[in-house]
Amino acid sequence: MMKEFVNEPLQNFKDQVVAENFKQALAVVERQFGKYYPLIIDGREVKTEEEIVSFNPSSNEQVVGYTAKAATKEAQLALDSAEKAFVHWSKVRAEARANCLFKAAAIMRSRKNELSAWLVYEAGKNWAEADADTAEAIDFLEFYGREMCRLAGPQPLTRIAGENNELIYIPLGVGVIIPPWNFPLAIMAGMTAAAIVAGNTVVLKPASNTPVVAAKFMEILHQAGVPEGVVNYLPGSGGSIGDFLVSSPKTRFINFTGSKEVGLRINELAAKVVPGQKAIKRVVAEMGGKDAIIVDSSADLELAANNIVASAFGFQGQKCSACSRAIVVEDVYDRVVDLVIQKTKDLTIGPAKDNCNLGPVIDNNSLQRIKSYIETGKKEGTLLLGGETMENMGGYFVQPTIFGDVSPNAVIAQEEIFGPVLAFIKAGDFDQALEIANNTEYGLTGSVFATDRVKIEKARDFHVGNLYFNRKCTGALVGVHPFGGFNMSGTDSKAGGRDYLLLFTQAKLISEKF
């Protein structure tokens with residue numbers, strides 16, 4: 001009998017044995033730097049003349065690895081491979097497909113420190129962030145396997161005399177998986193696993209900043225018995241192969257996580273019917289946010305400050321759920337600002353392998369974009385802390401930066417920065433704070449700190465997909481906090497929830513009259 005789903009536990013790196021084991025994993029992974037990873041199409045390795053070079057963002061001259069770089073020729077081969085594999089894979093029993101995910105989860109669990117070490121080096125995550133990423137990947141595999149078994153069972157229908165009626169969920173077809181670099185194992189693995197356990201086959205185009213982690217995932221899928229062609233590994237630039245994959249008549253769905261701009265382009269391209277296309281393409285998109293934490297005068301201010309710092313500066317603010325706006329009622333505004341500044345000053349900055357609080361941002365393009373937003377912020381508010389990039393450290397480091405007295409309509413209060421930049425906004429009262437919180441085009445996550453029950457109930461109108469009370473706005477757990485947002489934050493896909501697999505299936509009703 002299948003065990004009930006339980007979230008993968010996180011490691012305690014304050015334990016000397018745990019810390020020493022992780023240091024050993026870091027050393028083992030570092031000795032593997034510089035390897036070449038080919039494309040995987042129909043189970044075969046494909047080398048290309050062009051390469052993607054993956055650098056360590058903590059030390060930007062250190063090469064983590066090289067991968068082949070696909071062009072449209074390889075993209076077409078990958079789609080053909082997925083189409084061929086779909087004929088068999090779609091007919092494999094749901095329980096057998098789920099078992100592949102369970103085996104992959106077990107392999108991941110046995111290689112947890114190694115996988116997390118790759119995340120430290122390739123994505124710039126500190127130890128705890130990397131461990132949480134790997135644990136979430138395991139959770140997705142375990143959760144979606146169980147969900148597919150549930151969907152494969154008898155579905156409740158109203159019964160009538162003289163007929164036998166059955167509702168079944170069948171796969172869509174060939175999909176394109178386009179994951180982000182900020183959760184290069186968890187989100188990538190979850191997006192892929194959900195699609196294939198439902199019986200689909202996919203082309204996986206990993207983020208160009210983190211293709212090596214995806215190559216390691218491919219190794220695990222092979223070990224777990226996923227057949228050739230079910231997942232095709234296709235690193236390449238969005239400009240050269242992204243549009244091609246999305247526009248292909250062979251593509252039935254696109255599962256995307258990334259920026260609003262790219263997500264909207266994918267949605268637009270997918271909506272255009274091309275010759276040979278037989279079905280309307282389905283787009284599942286998670287496109288970021290401009291997340292806020294509201295602090296009421298009734299709140300535990302110490303608790304609020306701790307969670308603002310954790311939400312704003314965890315993984316350098318490079319989470320779509322990161323707090324980039326702190327909206328505080330004026331009665332307690334100064335006190336909360338002081339507490340957050342005080343706690344932020346205690347954060348350490350340095351290479352991710354040294355397990356500092358803040359590591360690097362992902363690359364120079366990100367650093368320069370964040371730098372530009374900081375300059376804008378200096379004109380729109382009062383710089384209270386930070387404001388500098390630390391390019392002399394050999395990596396892409398940005399100080400945790402706090403602005404005060406920011407207008408709700410300021411650029412840094414409206415646009416997603418995706419870096420360690422926090423804007424404090426003063427509200428006259430709780431009603432105005434809620435109004436300000438809803439004043440963006442996004443609607444992903446938000447937190448409210450209050451003990452006044454009336455205000456907590458009122459705050460249910462905070463229009464976000466994931467609303468939290470008296471806790472941080474990051475750190476959603478698979479199965480516990482199904483994740484996805486409203487408005488320009490995406491299609492509210494609810495990753496890690498019971499509705500997610502429905503996005504990669506279609507319901508078929510079979511009725512027989514007696």
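A few remarks follow.
- Residue satisfying condition, being assigned to a helix (DSSP H, G or I), among the hydroxyl-bearing types (Ser, Thr, Tyr) and crowded, with 24+ Cβ neighbours inside 10 Å, within set SER311, SER321: SER311
- Among the residues of the range 333-387, those that are within 28 Å of ALA299 (Cβ to Cβ) and of a type in the set (Gly, Ala, Ser) comprise GLY377, GLY381, GLY386, GLY387.
- When the range 295-308 is limited to residues that are touching a Phe, Trp or Tyr at 6+ places or on another chain (Cβ under 7 Å) and among the hydrophobic types (A, V, I, L, M, F, W, C), the one that is surrounded by the fewest Cβ atoms within 10 Å (Cβ to Cβ) turns out to be LEU303.
- Residue check, VAL46 of a type in the set (Val, Ile, Thr), more than 26 Å from ALA186 (Cβ to Cβ) and either in the same structural domain as ASN126 (by TED's automatic domain parsing) or within 25 Å of the chain's Cα centre (by Cα) (or both): yes
- Test: residue in the range 217-235 that is at pLDDT 95 or above, part of a helix (DSSP H, G or I), of a type in the set (Gly, Ala, Ser) and surrounded by fewer than 24 Cβ atoms within 10 Å (Cβ to Cβ): no
- Odd one out for ALA292 among (1) free of Cβ contacts under 8 Å to residues at least 40 places away in the same chain; (2) within 24 Å of the chain's Cα centre (by Cα); (3) more than 25 Å from ALA189 (Cβ to Cβ): (1)
- Contact map, the range 1-12: first residue outside any loop (DSSP other than H, G, I, E, B), second residue small (Gly, Ala, Ser), Cβ cut-off under 8 Å, separation 6 or more or different chains; the map is empty.
- First in the range 81-96 and surrounded by 13 or more Cβ atoms within 10 Å (Cβ to Cβ), second anywhere and part of a helix (DSSP H, G or I) and among the small types (Gly, Ala, Ser), Cβ under 6 Å, 6 or more apart: ALA94/ALA152
- Matching entry among VAL464, VAL478 (being within 14 Å of ILE293 (Cβ to Cβ) and either in a loop (DSSP other than H, G, I, E, B) or of a type outside the set (Phe, Trp, Tyr) (or both)): VAL464
- Being under 25 Å from GLU268 (Cβ atoms), at pLDDT 95 or above and touching a strand residue (DSSP E or B) at 6+ places or on another chain (Cβ under 8 Å) is a property that holds for ALA285.
- Here is the figure for the range 404-432: residues that are more than 19 Å from SER321 (Cα to Cα) and of a type outside the set (Val, Ile, Thr) total 12.
- Any hit, the range 141-148, residues being surrounded by fewer than 24 Cβ atoms within 10 Å (Cβ to Cβ) and of a type in the set (Gly, Ala, Ser): no
- Residue within the range 362-370 that is over 24 Å from the mean Cα position of the chain (by Cα) and not assigned by TED's automatic domain parsing to the domain that holds ALA117 present: no
- Note on the range 252-287: among residues that are hydrophobic (A, V, I, L, M, F, W, C) and assigned to a loop (DSSP other than H, G, I, E, B), the one that is surrounded by the most Cβ atoms within 10 Å (Cβ to Cβ) is MET287.
- Top-ranked residue of the range 20-61 - restricted to ones that are polar (S, T, N, Q) and either modelled with pLDDT under 95 or in contact with an Asp or Glu (Cβ under 9 Å, 6 or more places away or on another chain) (or both), ranked as farthest from ILE241 (Cα to Cα): SER58
- Some residue of the range 443-450 being surrounded by 24 or more Cβ atoms within 10 Å (Cβ to Cβ), among the polar types (S, T, N, Q) and touching a residue at least 12 places away in the same chain (Cβ under 8 Å): yes
- Residue check, SER493 more than 22 Å from SER297 (Cβ to Cβ) and either part of a helix (DSSP H, G or I) or among the hydroxyl-bearing types (Ser, Thr, Tyr) (or both): yes
- For THR67: the one exception among (1) of a type in the set (S, T, N, Q); (2) surrounded by fewer than 17 Cβ atoms within 10 Å (Cβ to Cβ); (3) in contact with a helix residue (DSSP H, G or I) (Cβ under 8 Å, 6 or more places away or on another chain): (2)
- Residue in the range 152-172 that is part of a helix (DSSP H, G or I) and in contact (Cβ under 8 Å) with a residue 24 or more places away in the chain present: yes
The values are calculated or read from the model by the stated rules, or taken from the named source; none is laboratory data. As the structure is a prediction and not an experimental result, all values here were calculated from the model. Heads up, the Cβs are rebuilt from the backbone with ideal geometry, glycines too, and the neighbour counts pull from every protein chain shown.
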